[in-house]
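Participant: Pasting a structure below so you can have a look.
The values are calculated or read from the model by the stated rules, or taken from the named source; none is laboratory data. The shown structure was predicted, so the numbers you read here are calculated from the model rather than taken from an experiment. With ideal geometry, Cβ positions are generated from the backbone for all residues, glycine too; neighbour counts draw on all protein chains shown. To get the accessible areas, we keep the full protein, side chains included, count just its heavy atoms, and leave off ligands, DNA and RNA. Shrake-Rupley method; radii C 1.70, N 1.55, O 1.52, S 1.80 Å.
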Amino acid sequence: MQLPSDMDVVVIGGGLAGVDAAWSAAREGARVALFEMRPVRSTPAHKTGDLAELVCSNSLKSNLPHTAAGMLKQEMRMLGSLVIGAADRSAVPSGGALSVDRVLFAQAITDAIQQHPNITLIRDEATEIPEGLPVVVATGPLTSDALAAQIQAITGSEELYFYDAASPIIDAETVDRTIVFEASRYGKGQEDGAAGGYLNCPLNEAEYHALRAELLQAELVPLKDFEPIKLFEGCLPIEEMARRGELTMAYGPMKPVGLTDPRTGGRPFAVVQLRQENAAATLYSMVAFQTRMSWGEQKRIFRMIPGLEQAEFVRLGVMHRNTYLHSPELLDRTTALRETVRERSGRAAPLFFAGQMTGVEGYTESAATGILAGLNAARAARGLDPVELPPESMLGSLTEYIAHGPSDNFQPMNSNLGLLPPLAKPIKNKTQRQNALVERGVAAMRDLARELGRVQPDAEPVAA
């Protein structure tokens, strides 16, 4: 690992958090060295050498402004996120969600990073954390063993982990459109005749219970290293959901609410939704059908779903291990390693962490922490105090959770309105209360964006 001599900040990892960290630091005027080991050394989950390759879903969740995920996206646009800018430009129809053509998305980010005059992209594995200048570690859930060992030595903590999984992707031409219908729940995103972005496989009650019965007895891929299984609640394998109760799937990812089967004019007992994966609409992923079933079992069981009898799977589901820090004992609200921990390790220069390693879960959550880490790393390089985000903002509430979450049972966290501090004046109506929480937080982030001199807060989505 060789580092150019004229750098101000080092970012390790070219995933969502790493690219937004590098972009954020570079926009502050810092000269950034961004290390990404692919394609020199790949991982089991990645297929290309592009930066910010999406290895699971192609959805960045809701884009609706008064949802937690939509609120976070608004804040990220204000702060000049490269990731959200690229997502806006490579979006595919997805109802009220922001889903992307994953190839165009990764290529746009890779091009932007390579063309930025303040960023030097180094295609090499970082096996150590450099000393002498601020570093952002954003290596994500598949951190190499060598780097993980050094992180563990610096933090003095045991590595934590959980398992999550990816859903299968289907060739759209092999979906039976005489059975499967296109629609988003309650018609969201279909105003003025727009496409819904989702295909829906309707199941009657007997078909649902037959599918569940097969999921319960399916052959599973064994996990390695003889480790106890820790599953993140937001990304449970579909067979695990089947085990949790007879109707858990029907009230969860297979809920039929807001959907009408045009063949019957009624609501199905359950649905399996397929989400558009690319701009050409040739690929669809099975929504929330993460799995650790063997590939043969996946093909057999998923072809029981009405409309998928002849389905061809261009990618089958996989399961992998994620790692994250025990952040409440290690990190502060700026995403920096606490000074006491850093001094104990003998490290002089500031060390920041970003992405899933910090204990956030989700594409946008990971990228958002990268924005803050990169900003503060650049400020540290200039001898400036770090920025702490307003706790009323969604990103501010996430960093508050990272720094002060439950130390005895710290688990990864998605953006959600429950993280936000309560309103000064309580509002009984749930919708009005949620809208007020979002508007308060967005206003607080708008004020900070102006103070920092970032993108004009009322501007259009940032271009990659």
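Participant: Can you tell me which residue among ALA336, ALA367, ALA380, ALA354 is within 26 Å of the chain's Cα centre (by Cα), over 21 Å from LEU54 (Cα atoms) and buried (at least 24 other Cβ atoms within 10 Å of the Cβ)? Talk me through it step by step, then tell me what you get.
Facilitator: Working: ALA367 fails: over 21 Å from LEU54 (Cα atoms); ALA380 fails: within 26 Å of the chain's Cα centre (by Cα); ALA354 fails: over 21 Å from LEU54 (Cα atoms).
Going through ALA336, ALA367, ALA380, ALA354 in turn, just one is within 26 Å of the chain's Cα centre (by Cα), over 21 Å from LEU54 (Cα atoms) and buried (at least 24 other Cβ atoms within 10 Å of the Cβ): ALA336.
Participant: Step by step: first the residues of the range 247-305, then only those that are basic (Lys, Arg), in contact with a strand residue (DSSP E or B) (Cβ under 8 Å, 6 or more places away or on another chain) and not in a loop (DSSP other than H, G, I, E, B), then the one that is least open to solvent (accessible area, probe 1.4 Å). Which residue is that? Before you say what the answer is, go through the steps one by one.
Facilitator: First pass over the range 247-305, keeping only residues basic (Lys, Arg): 255, 263, 267, 275, 292, 299-300, 303.
Among the residues that remain, those that are also in contact with a strand residue (DSSP E or B) (Cβ under 8 Å, 6 or more places away or on another chain) are: 255, 263, 267, 275, 292, 299.
Applying the additional criterion that residues be not in a loop (DSSP other than H, G, I, E, B) yields 275, 299.
Values: ARG275: 25, LYS299: 85 Å².
Checked the range 247-305; the qualifying residue least open to solvent (accessible area, probe 1.4 Å) is ARG275.
Participant: Listed residues PRO130, PRO141, PRO117; which is assigned to a loop (DSSP other than H, G, I, E, B) and either modelled with pLDDT under 85 or open to solvent by less than 40 Å² (accessible area, probe 1.4 Å) (or both)?
Facilitator: Working: PRO141 fails: assigned to a loop (DSSP other than H, G, I, E, B); PRO117 fails: either modelled with pLDDT under 85 or open to solvent by less than 40 Å² (accessible area, probe 1.4 Å) (or both).
Being assigned to a loop (DSSP other than H, G, I, E, B) and either modelled with pLDDT under 85 or open to solvent by less than 40 Å² (accessible area, probe 1.4 Å) (or both) holds for just one of PRO130, PRO141, PRO117, which is PRO130.
Participant: Quick check on this structure: which one of ALA108, ALA112, ALA146 is of a type in the set (Gly, Ala, Ser), outside any loop (DSSP other than H, G, I, E, B), open to solvent by 20 Å² or more (accessible area, probe 1.4 Å) and under 30 Å from ALA68 (Cβ atoms)?
Facilitator: Answer to the check: ALA108.
Participant: Among the residues of the range 434-451, are any within 22 Å of ALA26 (Cα to Cα) and either modelled with pLDDT under 90 or part of a loop (DSSP other than H, G, I, E, B) (or both)?
Facilitator: No, the range 434-451 contains no residue that is within 22 Å of ALA26 (Cα to Cα) and either modelled with pLDDT under 90 or part of a loop (DSSP other than H, G, I, E, B) (or both).
Participant: Any chance you could count how many residues in the range 402-433 are of a type outside the set (Gly, Ala, Ser), within 20 Å of GLN356 (Cβ to Cβ) and open to solvent by 30 Å² or more (accessible area, probe 1.4 Å)?
Facilitator: 8
Participant: Moving on to the next point. What's the number of the condition ALA250 fails, among (1) at pLDDT 95 or above; (2) among the hydrophobic types (A, V, I, L, M, F, W, C); (3) out of contact with any Phe, Trp or Tyr (no Cβ under 7 Å at 6 or more places or on another chain)?
Facilitator: (3)
Participant: Moving on to the next point. Pairs under 6 Å by beta carbon, first residue β-branched (Val, Ile, Thr) in the range 99-118, partner open to solvent by less than 50 Å² (accessible area, probe 1.4 Å) and part of a loop (DSSP other than H, G, I, E, B), six or more apart or different chains?
Facilitator: Listed pairs, sorted by first residue: VAL100/ASN58; VAL100/SER90; ILE109/LEU51; ILE109/ALA52; THR110/ASP50; THR110/LEU51; ILE113/LEU51.
Participant: Being at pLDDT 85 or above, farther than 27 Å from GLY362 by Cβ and open to solvent by 50 Å² or more (accessible area, probe 1.4 Å) is the filter here, so list the residues in the range 150-180 that pass it.
Facilitator: If the condition is that a residue be at pLDDT 85 or above, farther than 27 Å from GLY362 by Cβ and open to solvent by 50 Å² or more (accessible area, probe 1.4 Å), then ALA153, GLU173, ASP176, ARG177, THR178 are the ones that fit.
Participant: Mind listing just one residue for me: the one in the range 72-95 that is of a type outside the set (A, V, I, L, M, F, W, C), crowded, with 24+ Cβ neighbours inside 10 Å and farther than 13 Å from ARG454 by Cβ and, of those, farthest from the chain's Cα centre (by Cα)? If you could, list the steps in order and put the result at the bottom.
Facilitator: Of the residues in the range 72-95, the ones of a type outside the set (A, V, I, L, M, F, W, C) are 73-75, 77, 80-81, 85, 88-90, 93-95.
With the extra rule that they be crowded, with 24+ Cβ neighbours inside 10 Å, the set shrinks to 73, 75, 81, 94-95.
Those left that are additionally farther than 13 Å from ARG454 by Cβ: 73, 94-95.
Values: LYS73: 12, SER94: 16, GLY95: 18 Å.
Checked the range 72-95; the qualifying residue farthest from the chain's Cα centre (by Cα) is GLY95.
Participant: Also, I was wondering about something else. Does ARG102 meet the test of being basic (Lys, Arg) and over 21 Å from LEU274 (Cβ atoms)? Working first, answer last.
Facilitator: On the way: basic (Lys, Arg): yes; over 21 Å from LEU274 (Cβ atoms): no.
Against the criterion (basic (Lys, Arg) and over 21 Å from LEU274 (Cβ atoms)), ARG102 does not qualify.
Participant: So which pairs qualify, if the first residue must be in the range 235-247 and over 18 Å from PHE302 (Cα atoms), the second must be at pLDDT 95 or above and open to solvent by 60 Å² or more (accessible area, probe 1.4 Å), the Cβ gap must be under 9 Å, and the two must be at least 6 apart or on different chains?
Facilitator: Once the first residue is over 18 Å from PHE302 (Cα atoms) and sits in the range 235-247, its partners that are at pLDDT 95 or above and open to solvent by 60 Å² or more (accessible area, probe 1.4 Å) give GLY245/TYR251.
Participant: So which of LEU308, LEU316, LEU330 is in contact with a Cys (Cβ under 7 Å, 6 or more places away or on another chain) and either within 18 Å of VAL221 (Cα to Cα) or surrounded by 15 or more Cβ atoms within 10 Å (Cβ to Cβ) (or both)?
Facilitator: Unique residue meeting the criteria: LEU308.
Participant: Are any of the residues in the range 378-390 assigned to a helix (DSSP H, G or I), in contact with a helix residue (DSSP H, G or I) (Cβ under 8 Å, 6 or more places away or on another chain) and not aliphatic (A, V, I, L, M)?
Facilitator: The answer is no; no qualifying residue exists.
Participant: Something else about it: Of all the residues that make up the range 181-206, how many are open to solvent by 10 Å² or more (accessible area, probe 1.4 Å) and either modelled with pLDDT of 75 or more or under 24 Å from VAL55 (Cβ atoms) (or both)? I'd like the intermediate steps shown before the answer.
Facilitator: So the first thing to find is which residues in the range 181-206 are open to solvent by 10 Å² or more (accessible area, probe 1.4 Å), and the list is 181-183, 185-195, 198, 204-206.
Checking which are either modelled with pLDDT of 75 or more or under 24 Å from VAL55 (Cβ atoms) (or both) leaves us with 181-183, 185-187, 198, 204-206.
The qualifying residues number 10.
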